[in-house]
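Working notes for the structure below.
Derivation of every value follows stated rules applied to the coordinates shown; laboratory data play no part. Keep in mind that this is a model prediction, so the values were computed, not measured. Glycine also receives a Cβ, built like all others from the backbone with ideal geometry; neighbour counts cover every protein chain displayed.
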Amino acid sequence: MENKARKVSKKYAKRWFSTVGLFLIMYTLFVLMIPFVLHLYMVETNSSILNDHILYYGIYFIILMFGTLIPFFLMRKTFKISVKRFSRNTSASFKDLFVQAIVVFTICIAMIYASNIVFSYFSFESKLLSSIGLTYDDANLDNALYVFMLVFATPLIEEYAFRGVLISSLSKYGKSFAMYMSALFYALAHLNFVEFIPAFAMAFLLGKIALRYKSIIPTIIIHILFNALIYAMCVIPASITQYMAYGLVAIIGIAVYLILSGRYEFIKIQKVRNAEIAYSLFLSRPTVIIAMFLMIANTILFMFLN
């Protein structure tokens, strides 16, 4: 795959990247912009839907699901990417998944708290817990549909879209390039500057795992476990908060031990020669630029909304 990437003409690459950008625009409009406009409309009209959490999140679940699946399904069909390419039975053992999951948890949680601390100086308040297209507040934690979306549905949809279809679509021009660019758009789609770095780190690590094992099954499992852990941290009773802290310290200690003892596999993704050409071509496509602009603009709008 890497050798083929060097033989593709710039003209062909530009057309390929422009098409990817077009589907990213479609995704951004469906999953990010429409929910924002819809929420504003319901607030302005004082809609009763705002007080009906089941109906409210039911609508957003439908938007999230179809708004993600349709653009990425079309992307997959356009580039003739078989689902089997990224959903095959994983070769990862339980030990592999355990080690990778512990390290992902440690790095991402550290990034979350570090990002919170840094952005607190700029009066940015992190929601800490969110799914793409949705914002988090305390009331959501008791909503069964929201919890289902957060812990199960969102990881499945996101892994299919970003670690499955998007990485596969861009891997033609280098796996490392595909990993970084999919991580960038995944982070931008989180509608929160505070979560940008943690989301990028998570996408980067999961992208490596998906490429290493040629399957998104390990990343789906790790993503579900990670979201479940974050949810547990938010709902755990104050009386046993200290035990959660002890548990996090234990996870960090295990991760450090796994890394220092060599039991953690540092996944290396080979870079293509002259890879900067792929980055420059991709990031200079008008459709890609528009998709990025819409994501950033939507993030700013959500800041003022919240």
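Taking Cβ atoms as reference points and 9 Å as the exclusive limit, the residues near residue 99 contribute a net charge of 0, counting Lys and Arg as +1 and Asp and Glu as -1. Shape class for region 155-236: oblate, because the ratio a/c of the largest to smallest gyration tensor axis (alpha-carbon atoms, square roots of eigenvalues) is 1.5 or more and b/c is at least a/b. Spatially, region 23-51 and region 170-239 are offset by 24 Å when compared through their Cα centroids.
Considering only alpha-carbon pairs that sit under 8 angstrom and 6 or more positions apart, the relative contact order computed for region 2-305 is 32 percent. Counting beta carbons within 10 Å around each of 63, 102 and listing the fewest first gives the order 63, 102.
Of all stretches in the chain that contain no GluC sites (Glu not before Pro) in a DSSP loop with at most 15 other Cβ atoms within 10 Å, the longest one is 126-264. The trypsin sites (Lys or Arg not before Pro) found in region 56-97 that occupy coil by DSSP, while having at most 14 further C-beta atoms within 10 Å, are 80, 88. A simple spin-label model places pseudo-atoms 7 Å from Cα toward Cβ; at residue 49 and residue 77 they are separated by 2.7 nm. Note on residue 143 and residue 279: with the Förster distance fixed at 41 Å, the Cβ-Cβ geometry gives a FRET efficiency of about 0.50. Applying 1/(1 + (r/R0)^6) with R0 = 51 Å to the Cβ-Cβ distance of residue 18 and residue 94 gives a FRET efficiency near 0.75.
Per residue of the chain, the DSSP helices (runs of n ≥ 4 H) give a summed -39500 (n - 2.57) that works out to -22000 deg cm²/dmol at 222 nm.
Neighbour counting of Cβ atoms within 10 Å sorts the residues 31, 103, 249, 83, fewest neighbours leading, into 249, 83, 103, 31.
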